[in-house]
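Every read-out reported here was derived from the displayed coordinates using simple, explicitly stated rules and does not represent laboratory data. These figures come from a predicted structure and were not determined experimentally. In this analysis, Cβ positions are derived from the backbone assuming ideal geometry, glycine residues included, and neighbour counts consider all displayed protein chains.
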Amino acid sequence: MFGIERTATNTPDEGTGTPVENGPPPADNTPLRATVVIRNPQGLHMRPAMMFARIATRYRSSVTVRAKDRAVNGKSLLNLMTLAALPGTELELEVSGEDAATALPVLSKALAAPSADDIGPLLN
Amino acid sequence: MKNFLVRDALVPSLAATTKEGAIRELVTALQRAGYFKPHEVDPVVSEILRREGLGSTGIGRGVAIPHSRHEGLPRLIGTLGLSKAGIPFDSIDGQDVRLVFLLVSRPDQPGPHLHALETIVRVSESDEFLNRLMAAGSRDEMWELIQNTPDPWARE
């Protein structure tokens, strides 16, 4: 469902909306990335986006969600809603920071969840 | 916005002072505009309130987007109510809500709903737009502003 790879690039957040503090820059500048396909039949609507942002803010790492043509702050509900990601949309998740390795699998699972109810347990 | 907001259901001055009251007032406005039958108002209000119970749709900056899905609609419909006094809404920033965008979508059409959410989020980033909307004293003034505001995502 999603692959994890290391890359050496670090693209700045180009999100819009109310600024939400993202995490500190990574110490070694090597973000972790995963490609995630939206499986929720209603797309990334408000509730899953809110739950994803809530999980993302628990990590110190910066969390960026990238669609084809733009990148947004994954800790911001409003930023995520501007993606209007339909079912089947491929998104790239990028996590940079000291807890990136812990965060990436959890955030990938949350983003790929078929229902907001499936994200609930990840919040615990 | 002009594609999903129903002109005849716009409410320039909400009488309600509570979340539930505002939602009921706006669903009733959609019903009077011909989009629901009278007996559908209660179930639609209940469904929107159930959704609010899962997490407030108050997105901050005085804006809320209560919503639900409903079978049998011709398309996504929505309306907007303005509250000069502000309504407690459990918003993410704790602020009372002054602009309530209420959406009811077809269960089988997530695309228009996602684009409507995106549009509302993006236009809400503009202080000028929010202030001008709040200054509207009539349905016609609200509609003129809505009509003259292009959907931000459509420009890309």
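Hey, what's the per residue convex hull volume over the C-alpha atoms of the stretch B:91-146, in cubic angstrom?
Hull volume normalised by residue count: 108 Å³.
Which pairs in the list A:K75/B:K84; B:K2/B:K37; A:K109/B:K19 are over 26 Å apart, alpha-carbon to alpha-carbon?
Too far apart for the 26 Å limit: A:K75/B:K84; A:K109/B:K19.
Taking a ≥ b ≥ c as the square roots of the Cα gyration tensor eigenvalues, with a/c under 1.5 meaning rounded and otherwise prolate when a/b beats b/c, else oblate, which class fits the stretch B:43-156?
Oblate, because a/c is 1.5 or more while a/b does not exceed b/c.
Amide H neighbours of B:R69 under 5 Å, at least 5 residues apart or on other chains, H built in the peptide plane: list them.
B:S105
If you count the DSSP beta bridges with both ends in the stretch B:1-107, what percent of them are antiparallel, to the nearest 5?
Among the beta bridges of the stretch B:1-107, antiparallel pairing accounts for roughly 55 percent.
Partner chain Cβ atoms within 10 Å, averaged over the residues of B:62-72 - can you pull that number for me?
1
If you split all Cα-Cα distances of the stretch B:61-126 into 10 Å bins from zero, what percentages do you get per bin, shortest first?
21, 48, 27, 4
Based on C-alpha coordinates, I'd like the Rg and Dmax of the protein assembly as shown, in Å.
Computed over the Cα atoms of the protein assembly as shown, radius of gyration and Dmax are 19.1, 62 Å.
Sorted by mean Cβ packing within 10 Å, highest first, what order do the peptides B:106-119, B:85-98 take?
The packing order, highest mean first, is B:106-119, B:85-98.
Which order do B:E128, B:E40, B:E25 fall in if you start with the one that has the fewest other Cβ atoms within 10 Å?
B:E128, B:E40, B:E25
Obtain the radius of gyration and the Kirkwood radius of the stretch B:1-78 from its C-alpha atoms and give Rg over Rh.
Values: Rg = 12.1 Å, Rh = 13.1 Å.
Expressed as Rg/Rh, it is 0.93.
Work out from phi, with θ = phi - 60° and the Karplus expression 6.51 cos²θ - 1.76 cosθ + 1.60, the ³J(HN,Hα) of each residue of the stretch B:142-149, listed in order in whole Hz, and give x for Gly and Pro.
4, 5, 4, 5, 4, 5, 8, 9
Grab the beta carbon distance between B:D93 and B:K37, set R0 = 30 Å, and tell me the FRET efficiency rounded to 0.05.
The formula returns an efficiency of 0.25 here.
Can you give the translational diffusion coefficient of the stretch A:27-72 in µm²/s, computed by Stokes-Einstein from the Kirkwood radius over Cα pairs at 37 °C and 0.692 mPa s?
264 µm²/s
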